[in-house]
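Visitor: Sending over a structure as structure tokens; questions will come in a sec.
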Amino acid sequence: DTLTTLTITNNQTTKTYFIEVTDSFSCVSKDSVVLEVKPLPHVDLGPDKRICFADSAVFDAGDNQTKGLLSYEWFTPDGNRSSQFIYAKDSGEYMVKVIDSFRCEQRDTALLFVNRQVIANAGPNDSICINNSIVFRGSGG
């Protein structure tokens, strides 16, 4: 008897594979196997985001277009997480890997840019007499 291995790579469609084995006495056995190709799960973090200092952005890995996912694995500037949504406040790259019920996985990445802090200065408190005027000079940026 001979053992033969068939390696299938980059298969795009479901297909049936057949095998026929003949032993040294000319006895024949046949079998088949169906290789079902599953689509990759859907994940889309959307475009890169920009937020103001002290704000946060939400990234949503989705639910595989209502087909569900088994796991979420986030790689972020402030550590790893494992939920569908994360709230981000640090600049950097946010990457998520999702795995569906067929153990197929897909990844997506988005960048978050956090603007520098803006500080407004209206100057000191002041007072004026009635019917007088005053000019305020604010600064900031």
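The values are calculated or read from the model by the stated rules, or taken from the named source; none is laboratory data. Model, not experiment: these values are computed from the prediction. In this analysis, Cβ positions are derived from the backbone assuming ideal geometry, glycine residues included, and neighbour counts consider all displayed protein chains. We work out accessible area using only protein heavy atoms, side chains counted, and drop any ligands, DNA or RNA first. Shrake-Rupley method; radii C 1.70, N 1.55, O 1.52, S 1.80 Å.
Visitor: If ASP23 satisfies every condition in (1) open to solvent by 60 Å² or more (accessible area, probe 1.4 Å); (2) of a type in the set (Asp, Glu); (3) without any contact (Cβ under 8 Å) to a residue 24 or more places away in the chain but one, which is the exception?
Guide: ASP23 satisfies every listed condition except (1).
Visitor: Which numbered condition trips up MET95, out of (1) in contact (Cβ under 8 Å) with a residue 24 or more places away in the chain; (2) touching a Ser or Thr at 6+ places or on another chain (Cβ under 9 Å); (3) assigned to a strand (DSSP E or B); (4) not hydroxyl-bearing (Ser, Thr, Tyr)?
Guide: All conditions are met except number (1).
Visitor: Looking at (1) out of contact with any Cys (no Cβ under 9 Å at 6 or more places or on another chain); (2) closer than 30 Å to PHE75 by Cα; (3) not basic (Lys, Arg), which one does VAL118 not meet, given that it meets all the others?
Guide: So the condition that VAL118 fails would be (1).
Visitor: Follow-up. Of all residues in segment 98-132, count the ones that are assigned to a loop (DSSP other than H, G, I, E, B), of a type in the set (S, T, N, Q) and farther than 17 Å from GLY62 by Cα.
Guide: Total satisfying the criteria: 6.
Visitor: What are the residues in segment 77-92 that are open to solvent by less than 50 Å² (accessible area, probe 1.4 Å), closer than 17 Å to GLY62 by Cα and in a strand (DSSP E or B), if any?
Guide: Of everything in segment 77-92, those that are open to solvent by less than 50 Å² (accessible area, probe 1.4 Å), closer than 17 Å to GLY62 by Cα and in a strand (DSSP E or B) turn out to be ILE86, ALA88.
Visitor: Select from segment 40-69 the residues that are open to solvent by 50 Å² or more (accessible area, probe 1.4 Å), in a loop (DSSP other than H, G, I, E, B) and either at pLDDT 90 or above or among the polar types (S, T, N, Q) (or both) and list them in ascending order.
Guide: If the condition is that a residue be open to solvent by 50 Å² or more (accessible area, probe 1.4 Å), in a loop (DSSP other than H, G, I, E, B) and either at pLDDT 90 or above or among the polar types (S, T, N, Q) (or both), then LEU40, HIS42, ASP44, PRO47, ASP48, CYS52, PHE53, ALA54, ASP55, SER56, GLN65, THR66 are the ones that fit.
Visitor: Next question, about the same structure. Can you tell me how many residues within segment 132-141 are within 30 Å of CYS52 (Cα to Cα) and either free of Cβ contacts under 8 Å to residues at least 12 places away in the same chain or open to solvent by less than 100 Å² (accessible area, probe 1.4 Å) (or both)?
Guide: Matching residues across segment 132-141 total 5.
Visitor: Sticking with this one: I'm trying to understand the selection: among the residues of segment 96-131, which are open to solvent by 100 Å² or more (accessible area, probe 1.4 Å) and closer than 24 Å to LYS49 by Cα?
Guide: Once the filter is applied, which keeps residues that are open to solvent by 100 Å² or more (accessible area, probe 1.4 Å) and closer than 24 Å to LYS49 by Cα, segment 96-131 yields ARG107, ARG116, VAL118, ILE119.
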